[in-house]
1. Would the stretch 208-221 turn up any residue that is of a type in the set (Ser, Thr, Tyr), exposed (fewer than 13 other Cβ atoms within 10 Å of the Cβ) and in a helix (DSSP H, G or I)?
2. So in the stretch 452-503, with the set limited to residues that are in contact (Cβ under 8 Å) with a residue 40 or more places away in the chain and not in a helix (DSSP H, G or I), which one is most open to solvent (accessible area, probe 1.4 Å)?
3. Restrict the check to the stretch 331-344 and report whether at least one residue is more than 30 Å from residue 11 (Cα to Cα), out of contact with any His (no Cβ under 7 Å at 6 or more places or on another chain) and modelled with pLDDT under 85.
4. Kindly indicate whether residue 161 is open to solvent by 50 Å² or more (accessible area, probe 1.4 Å) and either away from the ligand (no atom under 16 Å from the Cβ) or part of a helix (DSSP H, G or I) (or both).
5. Restricting to the stretch 667-721, give me the number of residues that are open to solvent by 60 Å² or more (accessible area, probe 1.4 Å), outside any strand (DSSP E or B) and of a type in the set (A, V, I, L, M, F, W, C).
6. Is it the case that some residue within the stretch 126-136 is at pLDDT 90 or above and within 15 Å of the ligand (Cβ to nearest atom)?
7. Would you be able to say whether some residue in the stretch 39-49 is buried (at least 17 other Cβ atoms within 10 Å of the Cβ), in contact (Cβ under 8 Å) with a residue 24 or more places away in the chain, farther than 13 Å from residue 78 by Cβ and within 12 Å of the ligand (Cβ to nearest atom)?
8. Got a sec? Which of 104, 65, 110 is within 16 Å of the ligand (Cβ to nearest atom) and modelled with pLDDT under 85?
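The values are calculated or read from the model by the stated rules, or taken from the named source; none is laboratory data. Owing to the predicted nature of the structure, the values given are computational and were not obtained by experimental measurement. Using ideal geometry, Cβ is built from the backbone for each residue, glycine included, and neighbour counts are taken over all protein chains shown. Note: areas computed on protein heavy atoms with side chains; ligands, DNA, RNA excluded. Shrake-Rupley method; radii C 1.70, N 1.55, O 1.52, S 1.80 Å.
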Amino acid sequence: MLRFNDILERLLTYSPNADTDLLRKAYVFSAKVHIGQVRLSGEPYLIHPLEVAGILTQMKLDIASVATGLLHDAVEDTLTTLEEIRENFGEEIVQLVDGVTKISQISLRSSEEGQAENFRKIILAMVKDIRVILIKLADRLHNMRTLKFHSSERQVEIAQETLDIYAPIAHRLGIDWVKSELEDLAFQYLHPDLYQQIQTKIAKKEKERARYIDEVNRTLMKKLYENHIEGEVTGRLKQIYSIYRKMKEQNIDLDQVYDITAFRVIVNSIKDCYDVLGIIHSLWKPIPGKFKDYIGLPKENMYQSLHTSVIGPYGERIEIQIRTYEMHKVAEEGIAAHWKYKEGKVLEEADGKRFTWLRQLLEWQRDLKDNAEFMESVKVDLFPNEVYVFTPKGTVKQFPIGATPIDFAYSIHSDIGNHCMGAKVNGRIVPLKYELRSGDTIEIMTSPGARPSKDWLKFVKTSRAKTKIRQWFTAEEREKSIALGKEILEKELRKYNLQQAKLIKSGELSKVASDFSFQTVEDLIAAVGYGKVTANQIVGKILPQERLEEQKQGLEEGRIKTLIKKITRGPRDALLIKGVDNVMVRYAGCCNPLPGDKVVGFITRGRGITIHTADCQNAMAGDPNRRVEVEWDSTKEYIYPVRIRVYSDDKRGLLAEISNSITSNEANIKNAMVNTTEDSKAIGTFELEIRDLNHLKKVIKGLEKIKGVNRVERLRIEAQA
Ligand code: MN
């Protein structure tokens, strides 16, 4: 059994200035809180934190990590709170313990098929400090070593998770020995028969193997000596799991797996590596296609070595790895090696572009003064551009950083996105702008009446969400155009005693549609709404020329009548609406627009378009989706009712002067009303008939010139609440 003093001793070999009191305090604390607890093996629970701390010293981690190893289950498995850990051990250690506890919670979720990679990423992305992952790996390693005490069901579950998630993480971090041990242990529980078979077969030839390994070792050492190369040679049986993998990948049985022995030559320099390779290839015949240069082209996890397979003594295939001592450290300890050995030469020689995050870490390291500072900087974001979140059912989904619940909603289904009205993150309602964070569980609330907002386009991150939102607005735009087109066409057809519905039924309109090269009648009507085709053009296609002429004649005759109507109801032809004429138009009573005023139109179902001045409060409060662009047709002249108010002195004859001024400026007075005030002022309200804005300005100017008139204003009705 590992004792506390063994851990302390090991820590002091690589970290002689470590605060031994702190570590002892962590040990005493752990012993106290776990007292009385036993593991499934029947041993005191304390053995587990001790072993984990021991593994962490094998990884040569710093004292905070080793202390966390001792404390890592205190919060998860005892009544201890994070607050107590913080009080006793400070912020750094409480953060580490908290991180490890969080991972334990997350990895317990049931993982669906094919989710392994995502889970691996979520774990890596969640933690802010890489030491959390290293401590978790040590924890898992000891749990795997003692897995036999679990039920066989749990064994398979834990072993599968180890193989899917933890071994690949160890590999990614480059900690080879942890990765290999996790794999072999997991394999042992997942395929006990196969494991036994391979082990027995290897064991059978054990003596023979040992002799063979010894012979190859001696031959290689002799060659190194002859060539004045300093170094060492080791030979070993390959890891059981890697033999199994080879069998599976190449679909062969154990007897066909030849190179089950592997050799490693470790030398001082890269030049020596290539020299040794030359020596080996001249000694034994290389197997074509088996040479790999991971020195020139390092693996993503920083692994470097030369790999070759040759036909060794007695015609047996052997695999040989050649590397420097420094590369060896990296291969064995992975990321842990980097904050301990600062030579960094391996990396300087490597091609920068081939490295990803790990390379970046090392670059930071080079600029930093000491290990503590490096540790501070290793609060890595291993996947800086991605977040991983859960659906309520526990499926993992990946998003770019900054993604929102809207992105999440559209990733599930465009209907969910289009009807999204709110979102819950980890059970709490959040704004739709909320930025998702790794580990969040997202629930989308929908409502049949909810619809996308153009604002969403400003904050969604995924192109899927953007596209779907735009599509929705395009469809809505079309719907609007169809409604407007119908309105316009119906109005025009009525003049000729035609009915839209009948023309659609008889197929006449679909003939017109194809004349204009539209696929459907709906497309044609939408085009009328957009203003691409006028209703007049459509009538022209339906009626013979004579009927059109006749109708024109009739219109001419009714002109005077129409003019009167226009004055009373408001002229409707004075506006151009997206290039379409003959729209049913109403002038809003609140602002009484005049030609020359900036105006906007709003579609009112069944009532055509209502025209407001652009600055009218009712217009500004109107639904922007029903808004259409309109402008005045300068070629046409009509008369509009306008009300003005004249503030003047209460002076005899002034009213007559005002009336004269108005009529001399060619405006009729339809109505007038004058009130006097106590302070000898008069306020007159006049309803005039005016052609356009310039006409009105002229009238007002004329009034302002009159002596005694103080102020003239155009009247508008204020917005109603
Ligand atoms: Mn544990």
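1. Step one: list which residues in the stretch 208-221 are of a type in the set (Ser, Thr, Tyr), which gives 212, 219.
Keeping just the survivors that are exposed (fewer than 13 other Cβ atoms within 10 Å of the Cβ) gives none.
Taking every residue of the stretch 208-221 in turn, none turns out to be of a type in the set (Ser, Thr, Tyr), exposed (fewer than 13 other Cβ atoms within 10 Å of the Cβ) and in a helix (DSSP H, G or I).
2. Looking at residues that are in contact (Cβ under 8 Å) with a residue 40 or more places away in the chain and not in a helix (DSSP H, G or I), I get 461.
3. Of the stretch 331-344, the ones more than 30 Å from residue 11 (Cα to Cα) are none.
No, the conditions are met nowhere in the stretch 331-344.
4. Details: open to solvent by 50 Å² or more (accessible area, probe 1.4 Å): no; either away from the ligand (no atom under 16 Å from the Cβ) or part of a helix (DSSP H, G or I) (or both): yes.
The answer is no for residue 161.
5. 2
6. Yes, the conditions are met somewhere in the stretch 126-136.
7. Residues of the stretch 39-49 that are buried (at least 17 other Cβ atoms within 10 Å of the Cβ), as a first pass: 45-49.
Subsequent filtering for residues that are in contact (Cβ under 8 Å) with a residue 24 or more places away in the chain retains 45, 47-49.
From what's left, farther than 13 Å from residue 78 by Cβ: 47.
Next, only the ones that are within 12 Å of the ligand (Cβ to nearest atom) stay: 47.
There is at least one residue in the stretch 39-49 that is buried (at least 17 other Cβ atoms within 10 Å of the Cβ), in contact (Cβ under 8 Å) with a residue 24 or more places away in the chain, farther than 13 Å from residue 78 by Cβ and within 12 Å of the ligand (Cβ to nearest atom).
8. Working: 65 fails: modelled with pLDDT under 85; 110 fails: within 16 Å of the ligand (Cβ to nearest atom).
Just a single option satisfies the conditions, and that option is 104.
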